[in-house]
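No lab work stands behind these numbers, since they all come straight from the coordinates. Not measured: the values here are computed from a predicted model. Neighbour counts run over all protein chains shown; Cβ positions are idealised from the backbone, glycine included.
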Amino acid sequence: MAKNPMKERDSFSMPPQDGRTYLVTGANAGLGYFASEHLARAGAHVIMSGRHPNRLAAAHDALEARVPGASVETLLLDVANPGSVRAAAASIRGGMFDRTRLDGVIFNAGIVHPPHERRLTRDGRELVFSTNALGHFVLGSELLVPLAKSATNRWTPRMVWIGSVSTRMGAHNPVDVQLEAKYSAWKAYVQSKVAVQALGFEADARLRDASVPVKSIVAHPGYSIGGRTPRVQGVNQPGLFKRLKDGAQAPFSQSKEHGAEAIVRALVDPGISGGEYWGPRYLLRGEAV
């Protein structure tokens, strides 16, 4: 079950992450990019993954330009494609990357703006549920062994699942997960996030029961929008209209750079226990609690 935040942990300064390796899915833009940047600035080795080679390369180059000396590399990964997920996981398990350990993974990739019409993946599954929930479930199972092998007396590896405040804005019980009876873009998104959060909490309970040294934590970014986010070439380039529109939402929103802080804290804060739920203090914005 999710635990309530404790006041004594509200203030946080990220400890050095030198010697640790983290995988971030959907790292070519938005929250995934800024989470990668936060981790790289702290000295971690970051594996940035994404499904578009050109966008991933642009994000990699942008991060290296903004964080001189960053230790970062890329991995092609489409979480909506089980074959791609297993191939990427095999690359990590096979030691094809510069570091042999895996200290944590952020399950960030996903569809935030679902299509208006129901769409299916190559293997016939509803696209939003498959991308946001099922793909990361498969990835987590494929990476469980390398994560567990990286556990030490001082560190328990983690998987962080990205939840959403949208789950408080509508009662969606994921029974018809394929949305075959009735589809709507909003329902597709919300029920996928209900499932993601349930998977994150249940994963921690099962890992504990099986004495597997891996923590599972759920975090959400509040209402983080691109128009309030720093401009990064090839990553976040909002036009004037979006800047004005998003700027009008300043009282109840924040940048994606700030939204990524709750996610990164869930990944690296040594005081956080598995099964906890982290997000902005004021639900939509604020420091992580």
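Counting other C-beta atoms within 10 Å, and keeping those with at most 13, which DSSP coil GluC sites (Glu not before Pro) do you find in the range 217-289?
Counting only loop positions with at most 13 other Cβ atoms within 10 Å, none of the GluC sites (Glu not before Pro) in the range 217-289 qualifies.
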Rank these for me by crowding, 63, 77, 39, 284, going from fewest to most other beta carbons within 10 Å. 284, 63, 77, 39
Check the straight Cα-Cα distances from residue 215 and name the aspartates and glutamates below 17 Å, setting aside those fewer than 8 residues away within the same chain. 103, 142, 202, 204, 269, 276
Loop-resident trypsin sites (Lys or Arg not before Pro) in the range 238-289 with no more than 15 other Cβ atoms inside 10 Å, DSSP not H/G/I/E/B, are 281
How high is the relative contact order of the range 87-218, given as a whole-number percent (alpha carbon pairs under 8 Å, six or more residues apart)? 32
Shape call for the chain from the C-alpha gyration tensor, a ≥ b ≥ c root eigenvalues: rounded (a/c under 1.5), prolate (a/b greater than b/c) or oblate? rounded
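Kindly provide the trypsin sites (Lys or Arg not before Pro) of the range 157-229 that DSSP labels as loop, not H, G, I, E or B, and whose Cβ sees at most 13 other Cβ atoms within 10 Å.
Qualifying residues, ordered by number: 182.
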At 222 nm, what value in deg cm²/dmol follows for the chain if DSSP H runs of at least 4 each add -39500 (n - 2.57) and the sum is divided by all its residues, to the nearest 500? -11000 deg cm²/dmol
Expressed as a whole-number percentage, the relative contact order of the chain with C-alpha contacts under 8 angstrom and at least six residues apart is 21
